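*Asks:* Sending over a structure as structure tokens; questions will come in a sec.
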Amino acid sequence: MARLGLEKLGTAGAVLAATLCPVCFPKVALVGAALGLGWLAPFEQYVALGVQALFVLAWLGQLLAYRRHRNRWLLGFATATTALLFLGYYVVPSTLLLQLSLAALIAGSIWLIVETRRCAKCASAESGTRPAAASVER
């Protein structure tokens, strides 16, 4: 469960940092400026670096989770998502690529949660025991 927590932490942090980054979400920057948060503009580069670091953290969480679920498609999707982010920052500077990578990161995290639950059900069926949630007596 700690490995799944690392991936969740990276995803939540990347989403939060991306919403604070005017490069990623220009419309959110307009709302922030209207609310008087324009004084945070000098720190935009630090937030952009934070987004990148948290994407890498989320990818590392996916890599560690791969050892448990062995779904190559999920790991490939997470790798492509992280590569898309860096492509959007350094190769083809585009807010569209950054927003797509953020949406894909969220989708990959949801996929990981579903995959982890599916693997837990399969493991409990193979061992002949019930899952922990179903073992509570009514």
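The values are calculated or read from the model by the stated rules, or taken from the named source; none is laboratory data. Please read these numbers as outputs of a predicted model, since none were measured by experiment. Glycine also receives a Cβ, built like all others from the backbone with ideal geometry; neighbour counts cover every protein chain displayed.
*Asks:* State which residue is modelled with the highest pLDDT when the search covers only region 1-51 and only residues that are of a type in the set (S, T, N, Q) and within 19 Å of the chain's Cα centre (by Cα). Don't jump to the end; show me each part of the working.
*Replies:* Kept after step one, since they are of a type in the set (S, T, N, Q), are these residues of region 1-51: 11, 19, 45.
When the remaining residues are screened for being within 19 Å of the chain's Cα centre (by Cα), the result is 11, 19.
Numbers: 11: 73, 19: 68.
Per the criteria, the residue is 11.
*Asks:* Tally time: how many residues in region 102-113 are at pLDDT 90 or above and closer than 14 Å to residue 52 by Cα?
*Replies:* Number of matching residues: 0.
*Asks:* Hey, residue 58 hits all of (1) at pLDDT 80 or above; (2) over 19 Å from residue 110 (Cβ atoms) but one; which does it fall short on?
*Replies:* If we test residue 58 against (1) at pLDDT 80 or above; (2) over 19 Å from residue 110 (Cβ atoms), just (2) comes out false.
*Asks:* Given 116, 81, which one is modelled with pLDDT of 90 or more, of a type in the set (S, T, N, Q) and surrounded by 15 or more Cβ atoms within 10 Å (Cβ to Cβ)? Can you show your working first?
*Replies:* Values: 116 fails: modelled with pLDDT of 90 or more.
Residue meeting the stated conditions: 81.
*Asks:* Have a look at 116, 95 and point out the one that is of a type in the set (Ser, Thr, Tyr) and farther than 19 Å from residue 26 by Cβ.
*Replies:* Numbers: 95 fails: farther than 19 Å from residue 26 by Cβ.
Unique residue meeting the criteria: 116.
*Asks:* Within region 58-102, restricting attention to residues that are outside any helix (DSSP H, G or I) and among the polar types (S, T, N, Q), which residue is farthest from residue 9 (Cα to Cα)? Step through it out loud before you land on a result.
*Replies:* Taking region 58-102 first, the residues outside any helix (DSSP H, G or I) are 70-71, 92-94.
Now narrow it down to the ones that are among the polar types (S, T, N, Q): 71, 94.
Numbers: 71: 21, 94: 25 Å.
Taking the candidates together, the pick is 94.
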